[in-house]
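The values are calculated or read from the model by the stated rules, or taken from the named source; none is laboratory data. Computed from a predicted structure; not experimentally measured. Glycine gets a Cβ as well: all are built from the backbone with ideal geometry, and neighbour counts include every protein chain shown. Ligands, DNA and RNA are excluded from the accessible area calculation, which covers all protein heavy atoms including side chains. Shrake-Rupley method; radii C 1.70, N 1.55, O 1.52, S 1.80 Å.
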Amino acid sequence: MNMFLLLITLLSSFSILHADEPYFTRGKANILSYDISPGCQGSRPAALGSFSGLNGTTIIVPSDTKFSNGKPFHDFYNQCASITPTSMAQVKIDEMSITTIDPDGEVITGYILCDNYCELYINGQLIGTDPVPFTPFNSVIARFRVKKPYTIAIQAVDWEELPGLGAENNNGNPYHAGDGGMIAVFSDGTVTDTSWKAQVYYISPVSSPDSVQIKSDNTRYTNQSLRNISCGDSCYAAHFPIATNWMIPEYDDSNWPKAIEYAPTTVGVNFPAWTNFSSLWGKNQFIWTSNLVVDNLVLLRKQVYGTTNTIDDMTEIPSFDIQLQDHNITIASSTSHSDVNLHVYSILGENLGSYPIARLERNIPAEITMNTPKGNYLVLMMLESQGIPLFFKQCIMSY
């Protein structure tokens, strides 16, 4: 089929397109901005472009975001803002504002890292926008008060330097197709995993329109080599219409595919926004759609169930449980921690022993056997991670 017939076919079919059918463009978009966030040393230019769609519509690539007029997240690690903590102890969470959705709700703290950009909605309300659209890689914190159950919705964007071509400069190759990925850890125990839903709405670069397929589970799959995409300025892009209410709890995401998990090594997070907080991220996984490379605009949703116990101003407070039986102590935590130590003191301050735990995994109990002489003790137990106190418990030990 020649180009003229292809365009005629696309134009004539648009009026009957369904939400699961793509509209294709070819080549570079019209430049709206060569860099929407200039001035940060070491940053890639975050370009923004547009295509003329059908029926008078405009397609914004890589995405129509709230970057310019939304409320930025709190910075977790952002070298553009000279906020570069080396550990959690340096992060002043209690000084960060809280967005209230439900006045009688629970305060939840979320830690998010997106490759490259993301926006967070809770129950349809915008909580924060990423202050860095492209690079250098950053991480952010969101704090909100909400009652359970609630809905998390995230718009995630793998940015591009050549709008419409899904490409960035890499080692002299201006048509390198980068990759995406998103990870989040929330203080109520919610993490990114396959229980989330994820759907792609902008795919580029695409070698030919017939390489984009829709599977039986509604996965929008691109059948082409991941990196060896040599069409250059002639590459295609697939665009899917986005419902305006995609972020609200009532939106029906039942036909969205499940998110796919990706290991940090696959995403390639070897920068301080990740490595400085390895104990926080733990063994949790990044999520995305079926294609990290060409799926550039991804919408993600998660329903968080349960009931709310109102806790005033909770700031990343995980729940702990310590049980005693004879000489054995069992410790469980709702979040993962590294370099953990349990210190046991008598009520008079006598040190009855310290017990190291290399890694305390989320919801996996760890057992410690004490070597204290037999007797009755009124004790104070202190649990710490990397020198930071996490939990105290006073109890009676008798054996």
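For the stretch 85-176, rounded, prolate or oblate, judged on the Cα gyration tensor with a ≥ b ≥ c (square roots of eigenvalues), a/c < 1.5 rounded, else prolate if a/b > b/c? Note, shape of the stretch 85-176 comes out oblate. Magnitude of the charge dipole for the stretch 206-347, about its Cα centre and with charges confined to Cβ atoms of Lys, Arg (+1) and Asp, Glu (-1), is about 480 debye. Protection proxy ranking for 164-175, 143-154, 219-230, 84-95, using the average of other Cβ atoms within 10 Å per residue and placing the highest first: 143-154, 164-175, 219-230, 84-95. With percent of Cα pairs over 26 Å apart as the read-out, I listed (i) 48; (ii) 58; (iii) 54; which label goes with the value calculated from this structure? Given (i) 48; (ii) 58; (iii) 54, the calculated one carries the label (ii). Each residue of the stretch 104-111 was assigned a 3J(HN,Hα) from its phi angle through the Karplus expression (A = 6.51, B = -1.76, C = 1.60, θ = phi - 60°), giving 9, x, 9, 7, 10, 10, x, 10 Hz with x at Gly and Pro.
Would you please classify the overall shape of the stretch 38-146 from the alpha carbon gyration tensor, given that a ≥ b ≥ c denote the square roots of the eigenvalues, rounded means a/c under 1.5, and beyond that prolate means a/b larger than b/c while oblate covers the rest? Judged from the Cα gyration tensor, the stretch 38-146 comes out oblate (a/c at least 1.5, b/c at or above a/b).
Distance from the Cα centroid of the stretch 163-224 to that of the stretch 66-93 is 25 Å (rounded to whole angstrom).
The packing ranking, built from the mean of other Cβ atoms within 10 Å per residue, places the peptides 352-365, 25-38 in the order 25-38, 352-365, highest first.
The phi torsions of the stretch 223-232, fed into the Karplus equation with coefficients 6.51, -1.76 and 1.60 and a -60° offset, translate into couplings of 9, 7, 4, 4, 10, 7, 10, 10, 6, x Hz, rounded to whole numbers, with Gly and Pro shown as x. Once the 1.4 Å probe is applied to the protein heavy atoms, the chain comes out at 45 Å² accessible per residue.
Using the rule -39500 (n - 2.57) for each DSSP H run of four or more residues, divided by the residues of the chain, the 222 nm mean residue ellipticity is -1500 deg cm²/dmol.
The slack between Lys258 and Asp20, meaning 0.36 nm per residue of separation minus the straight C-alpha distance, is 84.1 nm.
Between Asp102 and Arg145, Val146, Lys147, the built amide H atoms are under 5 Å apart, and every one of these is 5 or more places off in sequence or on another chain. How much of the accessible area of the chain, in percent, comes from carbon and sulfur atoms when a 1.4 Å probe is used? That fraction is 50 percent. The stretch 22-46 and the stretch 102-137 have Cα centres separated by 22 Å. A cysteine counts as unpartnered when no other cysteine's C-beta lies under 4.7 Å of its own; in the chain this applies to Cys395.
Return the percentage of antiparallel bridges among DSSP beta bridges fully within the chain, rounded to the nearest 5 %. Here the antiparallel bridges make up roughly 95 percent for the chain. Label-point separation (nm) for Ser346 and Asp64, each offset 7 Å from Cα along Cα-to-Cβ? So the two model labels end up 7.1 nm from each other. Shape analysis of the stretch 320-399 places it in the prolate category; the axes a ≥ b ≥ c from the Cα gyration tensor give an a/c of at least 1.5, with a/b above b/c.
Largest accessible area first, the listed residues Glu367, Glu161 line up as Glu367, Glu161 when surface is computed with a 1.4 Å probe on the assembled protein chains.
Taking the stretch 123-156 and a reference point 7 angstrom along Cα→Cβ of Gln303, the backbone N atoms nearer than 13 Å belong to 149-152.
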